[in-house]
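Quick notes on the structure that follows.
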Amino acid sequence: MILMAPDLLPGDFPLIVEIDANMKDVFRRIVFSRSIEAGNLLHRYMDAIGHLRHVLEYKNAQQEAQSEEEAAEYLANLEVAMGMMIAEIAASHCISSPIDLFRLFRTVAPEAAARHANHYRQTLVQVGRYLAPDAVEVENLVENLFWHLPQIANPLLRAIYLHHELIRIHPFSDGNGRVGRMAKNWLLMYELYPPIFIYGEQDRARYIRDLEASFTDLESDPNRFHDSTRRFFEDELRRMKASTGFLLSRLQRDAAMPFGEEDEDMRPHPV
C-alpha cells in the first residue's frame with residue numbers, strides 16, 4: 001500500500017469556506033456580545049458541543065454494536081475515550097503519534113487491546129472489495145501517516161485525511177472504525193471545530209460505499225485524487241457543515257431544538 005500523498009489533496013472545497021464562516025460567526029457572537037449576553041451564549045455553545053459529543057458516542061455505538069449489551073459497552077468505552085481526548089486537548093495536546101493512537105485504541109476497544117496489547121494486527125483484513133495491507137506493512141504505514149499529517153495545512157482536510165488513511169491501513173485487530181472516527185474528532189476538536197458523526201443508516205451506507213470505492217481506486221492508481229476520494233472528503237465536510245450549522249443555530253434561535261431540525265440544509269445530506 002502507498003499512502004495518499006498530502007500534495008494530492010485539492011484546495012477547491014467550497015464547503016471549507018462555508019464551515020469557517022459558520023465558526024467565525026459562532027465565536028464572533030460569543031466574544032463581541034455584551035458581557036451578560038456573552039455568558040449566556042457561551043453556556044449555550046458548551047451545551048451544544050456537549051450534545052454533539054453525546055450524539056457522536058451514541059451513533060458510533062448504535063451503528064457498530066450487534067446487540068443492546070454490546071451497544072452499552074461500546075458507549076461506555078467511547079465516553080472514556082472522549083474524556084481522555086478532552087483532557088488532552090485541555091492540556092494543549094493533539095493526536096500526533098502512534099503512541100496517541102494506541103492510547104485511543106486501548107480506551108475505545110479495551111477488549112481487543114487486552115488480547116493484543118501494544119500490537120498492531122497480525123492477520124490479513126478485507127473491507128468489502130478492498131484488501132487491507134499486509135500486517136508486516138502496518139507499523140511503517142502508521143509511522144509515515146503521522147509524518148505526513150503536519151504537511152496538510154488545513155485542519156479539516158488533515159482530520160479527514162487521518163481518518164481515511166487510518167481506515168485504509170486498518171491497523172488493529174478490531175475497533176478500527178471507532179478508533180478512526182474518534183482520532184479524527186480529537187484533531188477537529190483540538191482545532192476548535194465541533195465533532196462530526198454519521199447521521200443515520202443512509203449516511204452510513206454512503207460512508208461505507210465511498211470509503212470502499214476510494215480505497216480500491218487508490219489501490220489501482222495511488223498517484224491520483226480520485227472522484228470517489230473527493231466524494232468521501234466532501235461528505236465529511238458536509239457532516240462538519242451540519243455540526244457547525246447546529247452550533248450557530250443554537251446561538252441564533254431555540255436552544256432546545258435538537259440536531260437536524262433547524263433547517264434541511266443543515267443535515268449532512270438533504271432527505
Spelling out what I want: for every residue of region 220-235, take phi, set θ = phi - 60°, compute 6.51 cos²θ - 1.76 cosθ + 1.60 (Karplus), and round to whole Hz; glycine and proline get x. 7, 8, x, 9, 10, 8, 6, 4, 5, 5, 4, 4, 5, 4, 5, 5
Note to self, the chain gives a 222 nm [θ] from helices alone (DSSP H runs n ≥ 4, -39500 (n - 2.57) apiece, / all residues, nearest 500) of -22500 deg cm²/dmol
Roughly speaking, what % of Cα-Cα pairs in region 3-118 are separated by over 18 Å, rounded to a whole number? 69 percent
State the answer as a single residue: which of A205, I30, G177 lies farthest towards the positive end of the charge dipole of the chain, with beta carbon charges of +1 for Lys and Arg and -1 for Asp and Glu, about the Cα centre. I30
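If contacts are Cα pairs under 8 angstrom and at least 6 residues apart, what is the relative contact order of region 160-263 in percent? Mind dumping the intermediate values first?
Details: 70 pairs, mean separation 22.1, N = 104.
Worked out over region 160-263, it gives 21 percent.
If I take every Cα pair under 8 Å that is 6 or more residues apart in the chain, average their sequence separation and divide by the length, what percent do I get for the relative contact order?
Numbers: 315 pairs, mean separation 70.6, N = 271.
Dividing the mean separation by the residue count of the chain yields 26 percent.
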Using the Karplus curve 6.51 cos²θ - 1.76 cosθ + 1.60 with θ = phi - 60°, work out ³J(HN,Hα) for each residue of region 174-191 in order, rounded to whole Hz, and write x for Gly and Pro. 7, x, 4, x, 4, 4, x, 6, 6, 4, 4, 6, 4, 5, 4, 5, 4, 8
Whole-angstrom Cα spans of region 1-64 along principal axes, big to small: 55, 33, 15
What is the distance, in nm, between label points placed 7 Å from the Cα along the Cα-to-Cβ direction at V17 and at Q126? 4.5 nm
Mind running the shape call on region 71-174? Use the C-alpha gyration tensor, a ≥ b ≥ c as the square roots of the eigenvalues: rounded below 1.5 for a/c, prolate if a/b tops b/c, oblate otherwise. oblate
Could you give the nm distance between label points at E73 and K24, where each point is 7 Å from its Cα heading toward the beta carbon? 4.8 nm
Please report the Cα spread of the chain along all three principal axes, rounded to whole Å, starting with the longest. 58, 41, 36
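A short reminder: the numbers here are calculations on the coordinates, not readings from a lab. All of these numbers come straight from a predicted model, not from anything done at the bench. All Cβ positions, even for glycine, are placed from backbone atoms using ideal geometry, and neighbour counts span all protein chains on display.
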